[in-house]
Amino acid sequence: MHIARYIIPHDVSNQMSLFYAYHNPMVRTVIDSATKFAQESGNQQIVLDCLSALAAGSASTVKHARADSAKSERMCMLVLVTCCILYDWISPKGVSDAQSGIDAKAALDLVSERTLVDSTPADKVLRANCRTLR
């Protein structure tokens, strides 16, 4: 038996990694760290309440056009999307649950047709990183 017969070429291994690798390792690290903190500290509900409050403030600022610049509005969009993603992973039932502290449908409606980083649609980022929101 020759080992060379069993070696997988790099291009094939790269394609295979798409099926099991996280699409964004940085986001995964932040989610894992925040989830671990919320669970181990015993403050899970407090963390969820803080995320809800941040999301509500950001959503209100964007919805009522209270941002003083386009840069501020974009920051509020980033905060809203980030809060939704973290809430979705920390909460056992996720952000799309009826009992969620964040109105996921309203957040999706608010971020649709807006862009975040590198012209990526905000709703696409939200859907791609939430486990319960599709």
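Taken per residue, the accessible surface of the range 23-89 reaches 59 Å², heavy atoms only and a 1.4 Å probe. Extent along the principal axes, Cα only, for the range 80-134: 31, 17, 16 Å, with the longest axis given first. If you take the alpha carbon atoms of the range 65-110 and fit the smallest convex hull around them, that volume is 67 Å³ per residue. In the range 81-134, taking the dipole from charged Cβ atoms about the Cα centre, the farthest positive-side position among C84, S96, A107 is held by S96. Candidate cross-link partners of K63 among the aspartates and glutamates, defined by an alpha-carbon separation under 16 Å and a same-chain spacing of 8 or more, comprise E73, D103, D109, E113, D123.
From most to least packed by mean Cβ count within 10 Å, the peptides 114-125, 77-88, 48-59 give 77-88, 48-59, 114-125.
The values are calculated or read from the model by the stated rules, or taken from the named source; none is laboratory data. Values in this document were obtained by computation on a predicted structure and should not be read as measured data. Reconstructed Cβ throughout: ideal geometry from the backbone, glycine too, with neighbour counts over all protein chains shown. Surface accessibility is based on the protein's heavy atoms, side chains included, excluding ligands, DNA and RNA. Shrake-Rupley method; radii C 1.70, N 1.55, O 1.52, S 1.80 Å.
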